Amino acid sequence: MLLIPCPHCGLRDQIEFRSGGESDRARPADPSGLNEADWAEYLFLRRNEKGLHRERWNHASGCGKWFTLTRDTRTHRFVS
Amino acid sequence: MNRFSAFSLLKEGFNGHRGWARQWRDAVPKARYDVVIIGGGGHGLATAYYLAKQHGITKVAVLEKGWIGGGNTGRNTTIVRSNYLWDESARLYDHALKLWEGLSDDLNYNVMFSQRGVLNLAHNLGDMREAKRRVNALRLNGVDSEWLEPAAVTKFCPPLDISRDARYPVMGATLQRRAGTARHDAVAWGYARAASALGVDIIQNCEVTGFARHGGAITAIETSRGRIGAGKVGMVVAGHSSVVAEMAGLRLPVESHTLQALVSEPIKPVLDCVVMSNAVHVYVSQSDKGELVIGAGIDEYLSYSQRGSFPVIEHQMGALLALFPTFSRLRMLRSWGGTVDICPDASPIISKTPLDNLFINCGWGTGGFKATPGSGHVFAHTIARGEPHPIAAPFALDRFVTGRLIDEHGAAAVAH
């Protein structure tokens with residue numbers, strides 16, 4: 001069981017959260033201006049980091065807040 | 001290598017079983033191979049075997065970071081089936097199932113393939129409609145599939161609770177009689193033994209650390225056991241596909257997650273088929289040792305840890321007891337996790353790549369074991385000919401650009 005540090009509620013059990021996946025992904029400002037390869041990259045390609053991974057979490061069954069954390073995907077340890 | 005037969009078994013029986021030789025050579029890397037397969041799991045070993053057997057390419061090495069079959073091949077729940085909805089998937093998985101049916105003979109190694117039947121339960125009206133649609137789609141594709149009403153379900157699988165007041169009432173099930181289970185370790189060992197006998201070098205404790213490139217092609221592979229020259233390279237590394245692909249300068253549309261399973265203490269035979277439920281999300285069968293083998297879903301977050309989280313186990317045990325109240329006093333023996341690489345459309349990638357001589361086979365997600373022979377067979381063809389096998393062609397990497405996805409996620413709900 002992960003204990004996830006919600007910035008609003010503190011450490012809470014993982015079952016209260018939904019994982020939002022890789023962070024820092026901005027939707028292209030003008031999707032219709034992209035070619036298919038660039039659009040596919042936005043939609044489907046991820047870093048899939050083995051090591052430190054910046055990711056989004058949502059405290060869905062708690063305060064509802066969305067936030068970003070860095071976690072080591074090898075050990076599940078959160079680092080600040 | 002000894003050939004297994006009733007006669008050799010009898011002879012060794014009189015000899016105190018002292019005459020059995022090692023089943024495959026633990027090879028030392030040579031300077032160069034025509035084809036190097038990265039990844040000594042079931043899919044990689046099968047690829048090497050079919051390269052040697054069907055395409056006459058025997059200067060082949062299989063590089064394995066740990067020991068063969070020590071990754072997802074040894075960590076799955078051993079279920080084999082081909083009841084996939086879409087035409088492309090049905091062709092691929094049924095190709096594999098047909099190979100399973102002759103595999104023990106082909107390899108001269110007992111992979112303990114048992115066609116005991118797989119039930120997929122329907123618990124509500126939506127499930128029933130989806131299940132019947134699937135039965136019809138499968139039949140149109142020539143794959144065996146039946147719809148069973150509740151009375152027939154309980155006849156086929158007596159321990160299942162089909163009472164009307166059950167927490168998840170069983171309103172029927174699909175049945176694939178040709179589906180079942182196989183001994184997962186034996187699949188790795190059998191392919192390794194047969195490939196080794198044809199001249200393939202199986203090199204363990206050999207981790208890939210980088211690639212030497214010249215222009216648009218790979219010339220050599222850097223490994224923890226030195227540099228190995230390669231004419232062609234096949235990458236079959238499941239959960240670590242992104243990591244190895246990045247060494248070759250490629251990005252893949254896969255994400256790695258933990259999938260876990262667990263077994264109960266061994267008990268006398270109680271369950272002689274495989275039961276799956278997508279709606280309550282658990283799948284269970286009984287191994288020949290007597291353990292119940294129980295699986296469910298992935299952890300939602302990215303992970304390379306090979307350790308699953310407890311809430312998933314809690315959920316799947318709750319689901320199991322709702323279906324089989326009689327299992328309530330069973331103790332669980334062990335649990336484990338594996339790292340699976342999941343594609344956005346939950347279908348695999350079997351493909352050429354932007355590099356001329358690099359081929360990739362990945363993205364099998366939570367359901368790769370069942371496809372092992374078929375995956376190796378079509379991937380060997382793809383590598384040998386430099387063009388995709390017709391069955392593999394729809395699973396090319398460029399489908400994420402063209403948009404021709406094979407969306408089995410929605411089609412199969414969750415379990416694969």
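The Cα-based radius of gyration and maximum Cα-Cα distance (Dmax) for region A:1-70 are 15.0, 44 Å. Selection among A:Gln14, A:Phe67, A:Leu43 by position relative to the dipole of chain A gives A:Gln14 as farthest towards the positive end (Cβ unit charges, Cα centre). Structural descriptor for chain B: relative contact order 22 percent, calculated from alpha carbon pairs under 8 angstrom and at least 6 residues apart.
Once you reduce region B:241-265 and region B:141-208 to the center of their Cα atoms, the two points are 22 Å from each other. Selection among B:Trp189, B:His315, B:Gly44 by position relative to the dipole of the protein assembly as shown gives B:Trp189 as farthest towards the positive end (Cβ unit charges, Cα centre). To the nearest 10 degrees, how steep is helix B:42-55 against the longest Cα principal axis of chain B, on a 0 to 90 scale? That works out to roughly 60 degrees.
For chain B, find the longest principal axis of its Cα atoms and tell me its angle to the long axis of helix B:310-323, 0 to 90°, nearest 10. Once rounded, the angle reads 50 degrees.
Magnitude of the charge dipole for chain B, about its Cα centre and with charges confined to Cβ atoms of Lys, Arg (+1) and Asp, Glu (-1), is about 900 debye. Pairing the Cα long axis of helix B:87-101 with the longest principal axis of chain B, what angle in degrees results, from 0 to 90 and rounded to the nearest 10? Value to nearest ten degrees: 80.
Using the beta-carbon distance between A:Lys65 and B:Arg139 and R0 = 35 Å, what value does 1/(1 + (r/R0)^6) give for FRET efficiency, to the nearest 0.05? Present the calculation step by step, with values, prior to reporting the outcome.
Working: r = 50 Å, r/R0 = 1.42.
The calculated FRET efficiency here is 0.10.
A Förster distance of 51 Å, applied to the separation of the beta-carbon atoms of B:Ala322 and A:Phe78, puts the FRET efficiency at 0.90. Taken residue by residue and averaged, Cβ atoms of other chains lying within 10 Å of the Cβ of B:246-258 number 3.
Counting every C-alpha pair in region B:122-231, the share spaced more than 22 angstrom apart comes to 62%.
Simple spin-label estimate for A:Leu3 and A:Arg18 gives 2.6 nm between the two label positions (7 Å along the Cα-to-Cβ direction from each Cα). Counting only other chain Cβ atoms within 10 Å of each residue's Cβ, the peptide B:295-305 averages 6.
Subtracting the Cα-Cα distance of B:Leu125 and B:Asp105 from 0.36 nm times their residue separation leaves 2.9 nm of extension gain. Taken as Cα centroids, region B:332-362 and region A:1-77 sit 21 Å apart, rounded to the nearest whole angstrom.
Using R₀ = 45 Å, calculate the FRET efficiency as 1/(1 + (r/R₀)^6) where r is the Cβ-Cβ separation of B:Arg331 and B:Glu222; round to 0.05. Let's see the in-between values first.
Values: r = 47 Å, r/R0 = 1.05.
Calculated transfer efficiency: 0.45.
Dipole size of region B:292-360 about its Cα centre, with +1 on Lys/Arg Cβ and -1 on Asp/Glu Cβ: approximately 440 debye, rounded to the nearest 20.
Cβ distances below 4.7 Å define possible disulfide partners, and in chain A the cysteines left without one are A:Cys63. Rounded to the nearest 20, the size of the Cβ-charge dipole of the protein assembly as shown about its Cα centre is 980 debye, with Lys and Arg at +1 and Asp and Glu at -1.
Summarising the label geometry, the points placed 7 Å from Cα in the beta-carbon direction at B:Glu387 and B:Ala151 lie 5.5 nm from one another. Shape summary: chain B maps onto an equivalent ellipsoid whose semi-axes, from the alpha-carbon gyration tensor, are 36, 25, 20 Å in decreasing order.
Which of B:His214, B:His315, A:His8, B:His184 comes first, and how do the rest follow, when ranked by fewest Cβ neighbours within 10 Å? Working shown, then result.
Details: B:His214 8, B:His315 16, A:His8 11, B:His184 23.
So the ranking, lowest neighbour count to highest, is B:His214, A:His8, B:His315, B:His184.
Segment B:Ala31..B:Asp356, full-extension length gain: 114.9 nm, with 0.36 nm per residue of separation and the alpha-carbon distance subtracted. Taking the fewest neighbouring Cβ atoms within 10 Å as the starting point, the ordered list for B:Cys362, B:Cys273, A:Cys63, B:Cys157 is A:Cys63, B:Cys273, B:Cys157, B:Cys362. Pairs from the list B:Lys53/B:Lys352; A:Lys50/B:Lys30; B:Lys53/B:Lys232; B:Lys30/B:Lys59; B:Lys268/B:Lys289; B:Lys98/B:Lys268 with a Cα-Cα gap above 19 Å: B:Lys53/B:Lys352; A:Lys50/B:Lys30; B:Lys98/B:Lys268.
Taken together, the values in this text are just the output of simple stated rules run on the coordinates, not laboratory data. Since the model is a prediction, treat every value here as computed from it, not as a measurement. Cβ atoms come from the backbone with ideal geometry, glycine included; neighbour counts cover every protein chain shown.
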